[in-house]
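Participant: The structure follows.
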Amino acid sequence: MTVVSRVRHSVAGKVVRRSIGWIYRLCERGKPIRCKIAPGLTVELLPEGELAQFLFFGPLFEQMELRQIAALLKPGMTFIDAGANVGLYSVLAALRVGPDGKVWAFEPSAVTFDLLRRNLLLNQANNVAAERLALSDVEGEIALRTQSGFGDLYRYLDYEGKQSRGGSAKLCQLQRLTPSPRSEI
């Protein structure tokens, strides 16, 4: 276990996460939050979920990655968001590839998928196709696990069949992403 992981799972890490959540709930008041995610790009996210909490407090979540993706995407491109969570990267990609581009968002969690779809509607991301499944190199079903005390950013597919301490699991669909020649998106 890495040092970061040990801190994240420690009592201090749990206290920090709970404190951030508490402060966030006092401030957000149920309205969508506006997030500047890259130069010239702002999205709105519903105030639910851990990602919204991180973004509410400023540059606490993957700022370098968001800027790099924004710089790489061009109008008309196709973007695949595997493990889309609430749709931050999907909305970013939808804005950058424009109406001539296409975004595919895959999210296996039923609760998070609902929030993904609502965030896509909020941002009028009409060029995004959302699918409730996980991408893999095999097809079938697998346990999607959540660790106790952690939010929607800490779900994982349990390929090794290990039980997380105090966590929960739900089955989700696995599907291979296999492009076909000259397929329409």
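Participant: Just wondering, is there one or more residues in region 112-124 that are part of a strand (DSSP E or B), within 25 Å of S168 (Cα to Cα), under 16 Å from the mean Cα position of the chain (by Cα) and at pLDDT 95 or above?
Facilitator: Checked against the condition, which is being part of a strand (DSSP E or B), within 25 Å of S168 (Cα to Cα), under 16 Å from the mean Cα position of the chain (by Cα) and at pLDDT 95 or above, region 112-124 yields no hits at all.
Participant: So P108 passes all but one of these: (1) in a strand (DSSP E or B); (2) surrounded by 15 or more Cβ atoms within 10 Å (Cβ to Cβ); (3) modelled with pLDDT under 95; (4) of a type outside the set (S, T, Y). Which condition number does it fail?
Facilitator: Checking P108 against (1) in a strand (DSSP E or B); (2) surrounded by 15 or more Cβ atoms within 10 Å (Cβ to Cβ); (3) modelled with pLDDT under 95; (4) of a type outside the set (S, T, Y), the one that fails is (1).
Participant: Then there is this: Write out, first by first residue and then by second, each pair whose Cβ atoms fall under 9 Å of each other, whose residues are 6+ apart or on separate chains, and whose first residue, in region 127-148, is free of Cβ contacts under 8 Å to residues at least 60 places away in the same chain and assigned to a loop (DSSP other than H, G, I, E, B) while the second is β-branched (V, I, T) and surrounded by 18 or more Cβ atoms within 10 Å (Cβ to Cβ).
Facilitator: Every condition considered, the pairs that remain are N127/V97; N127/V103.
Participant: Quick check on F61: is it more than 23 Å from L171 (Cα to Cα), assigned to a loop (DSSP other than H, G, I, E, B), among the hydrophobic types (A, V, I, L, M, F, W, C) and under 14 Å from the mean Cα position of the chain (by Cα)?
Facilitator: Yes, satisfied.
Participant: Modelled with pLDDT of 85 or more, within 28 Å of E44 (Cβ to Cβ) and touching a Cys at 6+ places or on another chain (Cβ under 6 Å): which single residue out of A130, A134 fits that description?
Facilitator: A134
Participant: While we're here: Restricting to region 30-78, what's the tally of residues that are loosely packed, with under 11 Cβ neighbours inside 10 Å, touching a residue at least 12 places away in the same chain (Cβ under 8 Å) and over 23 Å from G98 (Cβ atoms)?
Facilitator: Residues meeting the conditions: 2.
The values are calculated or read from the model by the stated rules, or taken from the named source; none is laboratory data. As the structure is a computational prediction, the values presented were derived from the model and not from experiment. Cβ sites come from the backbone with ideal geometry, for glycine too, and all protein chains shown count toward neighbours.
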